[in-house]
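Colleague: Have a look at this one before I ask anything.
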Amino acid sequence: MNKQLPKRLLSVEEAGEYLGLSPRTIYNGLTKRAKKPFPVRHKKLGKLIKFEIRDLEAYLDELPYTN
């Protein structure tokens, strides 16, 4: 039985797809000089940037509803 576990960490590309944003938008918000920093914390695994799916979900939950 080879049961695949759900992903906990997402790449920038996967996080962008999950949020409906382009990866470039996320990368732009991660630079030190970003005028508008990306609002979700990230982790680094070596040179890889990863986002915890629960942090992305918390960010989405905090977004206000519109009328």
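Colleague: Specify the residue with the greatest mean-square fluctuation among 48, 21, 56, computed from a Gaussian network of the chain linking alpha-carbon atoms under 10 Å apart.
Modeller: Looking only at 48, 21, 56, the biggest GNM fluctuation is shown by 48.
Colleague: If you don't mind, another one. Could you work out how far apart the two model spin labels at residue 65 and residue 21 are, taking each label as a point 7 Å from the Cα in the direction of the beta carbon, and quote it in nm?
Modeller: Taking the simple label geometry, residue 65 and residue 21 are separated by 2.3 nm.
Colleague: Once the cut-off is 18 Å, how many percent of the Cα-Cα pairs in the chain end up in the long-distance tail?
Modeller: When every Cα pair of the chain is considered, 41 percent fall beyond 18 Å.
Colleague: Now for a different question. Fewest to most neighbouring Cβ within 10 Å: what's the order for 7, 50?
Modeller: Fewest-to-most Cβ neighbours within 10 Å comes out as 7, 50.
Colleague: Further, regarding this structure: For the chain, with a Gaussian network of springs between Cα atoms less than 10 Å apart, report the residue from 46, 29, 20 with the top mean-square fluctuation.
Modeller: Maximum among the listed residues: 46.
Colleague: Based solely on its DSSP helices, what 222 nm [θ] is calculated for the chain when runs of n ≥ 4 H residues each add -39,500 (n - 2.57) and the sum is averaged over all residues, nearest 500 deg cm²/dmol? Walk me through the intermediate numbers first.
Modeller: On the way: 3 runs with 26 residues, N = 67.
One gets -11000 deg cm²/dmol as the mean residue ellipticity at 222 nm.
Colleague: I need 25, 66, 31 ordered by Cβ neighbour count within 10 Å, fewest first.
Modeller: Going from least to most buried by this count: 66, 31, 25.
Colleague: Just want the ordering: 49, 26, from fewest to most Cβ atoms lying within 10 Å of their own Cβ. Let's see the in-between values first.
Modeller: On the way: 49 17, 26 20.
Ordered by Cβ neighbours within 10 Å, fewest first: 49, 26.
Colleague: Pull out the extension gain between residue 36 and residue 11, defined as 0.36 nm times the separation in residues minus the alpha carbon to alpha carbon distance; nm, one decimal.
Modeller: Gain on stretching residue 36 to residue 11: 7.0 nm.
Colleague: Run the numbers for residue 3 and residue 28: contour at 0.36 nm per residue of separation, minus the present Cα-Cα distance, in nm. Don't skip to the answer; put the middle values down first.
Modeller: Working: separation 25, 0.36 × 25 = 9.00 nm, distance 3.62 nm.
This chain segment gains 5.4 nm when fully extended.
No value in this document is a laboratory result; all are computed from the given coordinates. As the structure is a computational prediction, the values presented were derived from the model and not from experiment. Every residue, glycine among them, receives a Cβ derived from its backbone with ideal geometry; neighbour counts consider all protein chains shown.
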